[in-house]
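Chemist: Sharing a structure with you now.
The values are calculated or read from the model by the stated rules, or taken from the named source; none is laboratory data. These figures come from a predicted structure and were not determined experimentally. As a convention, Cβ positions derive from the backbone with ideal geometry for all residues, glycine included, and neighbour counts pool all protein chains shown.
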Amino acid sequence: MSKSLKLFLGMSYIVILFLFLFLIFSFIEIERLNDFTYYKELQVILDKTVSSNLFVNLLIFFLFCIIWVSLLGFGSPILLISGILFGKWIGTFISVLSISTGALILYLIANFFFKDLVESLFQKRFSKYIHLFKKQEFNYFLAFRLAGGLGIPFGFQNILPIIFNVNKFNYFFASFLGFIPVFFIMNTLGAGLSEYIKQAENFSFINLMMSKEIYIPLIIFIIILFITGFIKRKIFDVKN
């Protein structure tokens, strides 16, 4: 494939990304974001829509997540939304599956179109990890996912493995397993937020934080942060 065609396809990808983001945010009533009744109205609409045909809505959400993640979308909002829509169990499963798939697609796209750019941006900074991945690619990439991508923004941690030339099957399954702990916590938070919106008459940050559906997953999330920090120090803080 010629460089000019690659450039055209790459630019088309970027244009589609911005158009997609524009369409998403055009449906949000920004002027009502500080109105709690707006969220209660949305919750009622969402509950009715999801319960009307769960399978179809799961499929729509699955496809949406794939597109969102493959276009460098943030991960956290999707996890909260999946918890709000489907609850913590189904939400965790569908988000892990769809985001792992979307991340793989992003990895393949970036590896094809932007490999040189990614290597120029990251290879020097992360060169000390290359020999680790060469030894046990799956295990180290799984640890990378469990460690939250070493604090790298989600979109960039999905394309960073290009410099390690990670096998696509290892990429998908290590992502799938590595995402589960944090994704479950985030979906639990989303489900708890959904319950709070249904039950509360007015928004109160204190009451929200005092809800066990919120503070319990937050405590577990903090514990996971300590665990990921331990993983990072023990596995990725190499000296040579």
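Chemist: Scan the stretch 74-89 and tell me whether some residue there is of a type outside the set (A, V, I, L, M) and on the phi > 0 side of the Ramachandran plot.
Modeler: Looking through the stretch 74-89, at least one residue is of a type outside the set (A, V, I, L, M) and on the phi > 0 side of the Ramachandran plot.
Chemist: Which of (1) under 19 Å from L80 (Cβ atoms); (2) surrounded by fewer than 19 Cβ atoms within 10 Å (Cβ to Cβ); (3) free of Cβ contacts under 8 Å to residues at least 60 places away in the same chain is the odd one out, the single condition I185 does not satisfy?
Modeler: I185 satisfies all of (1) under 19 Å from L80 (Cβ atoms); (2) surrounded by fewer than 19 Cβ atoms within 10 Å (Cβ to Cβ); (3) free of Cβ contacts under 8 Å to residues at least 60 places away in the same chain except (2).
Chemist: I'm checking my understanding of the structure. Among residues of the stretch 65-99 that are in a helix (DSSP H, G or I) and aromatic (F, W, Y), which one is surrounded by the fewest Cβ atoms within 10 Å (Cβ to Cβ)?
Modeler: Across the stretch 65-99, the extreme among qualifying residues is W89.
Chemist: Can we say S82 is among the small types (G, A, S) and touching a residue at least 12 places away in the same chain (Cβ under 8 Å)?
Modeler: yes
Chemist: Continuing with the same structure: State whether the residues of the stretch 118-130 include one that is surrounded by 21 or more Cβ atoms within 10 Å (Cβ to Cβ), farther than 30 Å from Y39 by Cα and at pLDDT below 90.
Modeler: For the stretch 118-130, residues surrounded by 21 or more Cβ atoms within 10 Å (Cβ to Cβ), farther than 30 Å from Y39 by Cα and at pLDDT below 90: absent.
Chemist: Out of all the residues in the stretch 194-211, which are within 15 Å of Y38 (Cα to Cα), modelled with pLDDT under 80 and part of a helix (DSSP H, G or I)?
Modeler: Of everything in the stretch 194-211, nothing turns out to be within 15 Å of Y38 (Cα to Cα), modelled with pLDDT under 80 and part of a helix (DSSP H, G or I).
Chemist: Report yes if F221 is surrounded by 15 or more Cβ atoms within 10 Å (Cβ to Cβ), in a helix (DSSP H, G or I) and out of contact with any Phe, Trp or Tyr (no Cβ under 9 Å at 6 or more places or on another chain), otherwise no.
Modeler: So F221 fits the description; yes.
Chemist: Sticking with this one: For residues in the stretch 154-177 being under 23 Å from I223 (Cβ atoms) and out of contact with any Gly (no Cβ under 9 Å at 6 or more places or on another chain), which is surrounded by the fewest Cβ atoms within 10 Å (Cβ to Cβ)?
Modeler: So, considering only residues that are under 23 Å from I223 (Cβ atoms) and out of contact with any Gly (no Cβ under 9 Å at 6 or more places or on another chain), the one surrounded by the fewest Cβ atoms within 10 Å (Cβ to Cβ) is L177.
For every residue, the table says whether it meets (1) assigned to a helix (DSSP H, G or I); (2) exposed (fewer than 12 other Cβ atoms within 10 Å of the Cβ); (3) modelled with pLDDT under 90.
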residue	(1), (2), (3)
F8	yes, yes, yes
L17	yes, no, yes
V50	yes, no, yes
L63	yes, no, no
F112	yes, no, yes
